[in-house]
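I have placed the structure first, in the form of structure tokens, so that the comments after it can refer back to it.
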């Protein structure tokens, strides 16, 4: 698509627009044909491409790892089986170092988060024009294949983690213990009158810190992946500027892709580690 009659601005906007389905004030329930129609559909519009790719990659993860689990033996593993066992041991070791409570679900949650986010990030290495062009032949106007460049996806995962934090905080500490954690620290005093004066300040500080967790978790992943995708798009625009810039763009794209392998892995690891740390804090009942 870099070689079409689109301007640079139109090319960027096209690649950053999701395939959106929603209730348009004039056209009813339909797919948006441009970014303006997508915005007019309002909050309840659905990014079909983000959902399809994220669920598809999640299903791929379940399929591959379930097959590896069924083929597991007591012998020396080889190939993909060896890779899966190494990954499971790595995640298990990371959880043991970061999580200090007792919960058998934390390690599986950490493994799921790491692999799922990694697979979503990995789609950023697919050339930006390939999938949108192929689907455009079937009449699909827009297609964003990297779910982690959609804030709805990253913030959705972060809010799920936030719900788990609240659930385990209430389960482990009880309503009184969780409320006391928010109201009685970081400032405390033996004098009950002074302590009562500290309660509003403590609540303000602790609630801000609590609510900042899901937003920082989701926006960090979105910001890094969105910036990486934007760089790939800008490099792809060089292919329509002549063979010299096109050749230079190919070198740049290769170099950025190699570096981006580290970025997509690191972002999946950070999302996983912060989730484990937050759940560990939720399990502290001192």
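The values are calculated or read from the model by the stated rules, or taken from the named source; none is laboratory data. All values reported here derive from a predicted model rather than from experimental measurement. Every residue, glycine among them, receives a Cβ derived from its backbone with ideal geometry; neighbour counts consider all protein chains shown.
Taking residue 42 as the residue in question, decide whether it is over 26 Å from residue 110 (Cα atoms), modelled with pLDDT of 90 or more and more than 19 Å from the chain's Cα centre (by Cα).
Taking the combined requirement at face value, the residue does not satisfy it.
Are there any pairs, at least 6 apart or on different chains, whose C-beta atoms fall under 8 Å, with the first in region 60-89 and touching a residue at least 40 places away in the same chain (Cβ under 8 Å) and the second surrounded by 12 or more Cβ atoms within 10 Å (Cβ to Cβ) and not in a loop (DSSP other than H, G, I, E, B), and if so, which?
Here the result reads 60/119; 61/112; 61/115; 61/116; 61/119; 65/84; 65/115, each pair linking region 60-89 to a residue that is surrounded by 12 or more Cβ atoms within 10 Å (Cβ to Cβ) and not in a loop (DSSP other than H, G, I, E, B).
Can we say residue 159 is part of a helix (DSSP H, G or I) and either touching a helix residue (DSSP H, G or I) at 6+ places or on another chain (Cβ under 9 Å) or closer than 30 Å to residue 32 by Cβ (or both)?
So residue 159 fits the description; yes.
From the list 232, 222, 248, pick out the single residue that is under 15 Å from residue 157 (Cβ atoms), in contact with a helix residue (DSSP H, G or I) (Cβ under 9 Å, 6 or more places away or on another chain) and part of a helix (DSSP H, G or I).
On the way: 232 fails: under 15 Å from residue 157 (Cβ atoms); 248 fails: under 15 Å from residue 157 (Cβ atoms).
When all the criteria are applied, what remains is 222.
Whether any residue in region 180-202 is surrounded by 14 or more Cβ atoms within 10 Å (Cβ to Cβ) and under 16 Å from residue 274 (Cβ atoms) is what I want to check.
no
Would you call residue 139 in a helix (DSSP H, G or I) and surrounded by fewer than 20 Cβ atoms within 10 Å (Cβ to Cβ)?
When the stated conditions are applied, residue 139 does not pass them.
Please determine, by comparing only the residues of region 240-262 that are surrounded by fewer than 19 Cβ atoms within 10 Å (Cβ to Cβ) and in contact (Cβ under 8 Å) with a residue 60 or more places away in the chain, which one is farthest from the chain's Cα centre (by Cα).
Filtering region 240-262 for residues that are surrounded by fewer than 19 Cβ atoms within 10 Å (Cβ to Cβ) and in contact (Cβ under 8 Å) with a residue 60 or more places away in the chain, the one farthest from the chain's Cα centre (by Cα) comes out as 240.
Regarding residue 57, is this residue buried (at least 17 other Cβ atoms within 10 Å of the Cβ), within 24 Å of residue 271 (Cα to Cα) and in contact with a helix residue (DSSP H, G or I) (Cβ under 9 Å, 6 or more places away or on another chain)?
Taking the combined requirement at face value, the residue satisfies it.
Within the bounds of region 115-130, is there any residue that is without any contact (Cβ under 8 Å) to a residue 24 or more places away in the chain, out of contact with any strand residue (DSSP E or B) (no Cβ under 8 Å at 6 or more places or on another chain) and either surrounded by fewer than 18 Cβ atoms within 10 Å (Cβ to Cβ) or more than 30 Å from residue 235 (Cβ to Cβ) (or both)?
For region 115-130, residues without any contact (Cβ under 8 Å) to a residue 24 or more places away in the chain, out of contact with any strand residue (DSSP E or B) (no Cβ under 8 Å at 6 or more places or on another chain) and either surrounded by fewer than 18 Cβ atoms within 10 Å (Cβ to Cβ) or more than 30 Å from residue 235 (Cβ to Cβ) (or both): present.
Just to check your reading of the model, which residue among 274, 211, 205 is more than 29 Å from residue 6 (Cβ to Cβ), out of contact with any strand residue (DSSP E or B) (no Cβ under 8 Å at 6 or more places or on another chain) and loosely packed, with under 12 Cβ neighbours inside 10 Å?
211
Out of curiosity, is residue 217 free of Cβ contacts under 8 Å to residues at least 24 places away in the same chain, touching a helix residue (DSSP H, G or I) at 6+ places or on another chain (Cβ under 6 Å) and part of a helix (DSSP H, G or I)?
no
Among the residues of region 21-38, how many are loosely packed, with under 12 Cβ neighbours inside 10 Å, on the phi < 0 side of the Ramachandran plot and not in a loop (DSSP other than H, G, I, E, B)?
Of the residues in region 21-38, 2 are loosely packed, with under 12 Cβ neighbours inside 10 Å, on the phi < 0 side of the Ramachandran plot and not in a loop (DSSP other than H, G, I, E, B).
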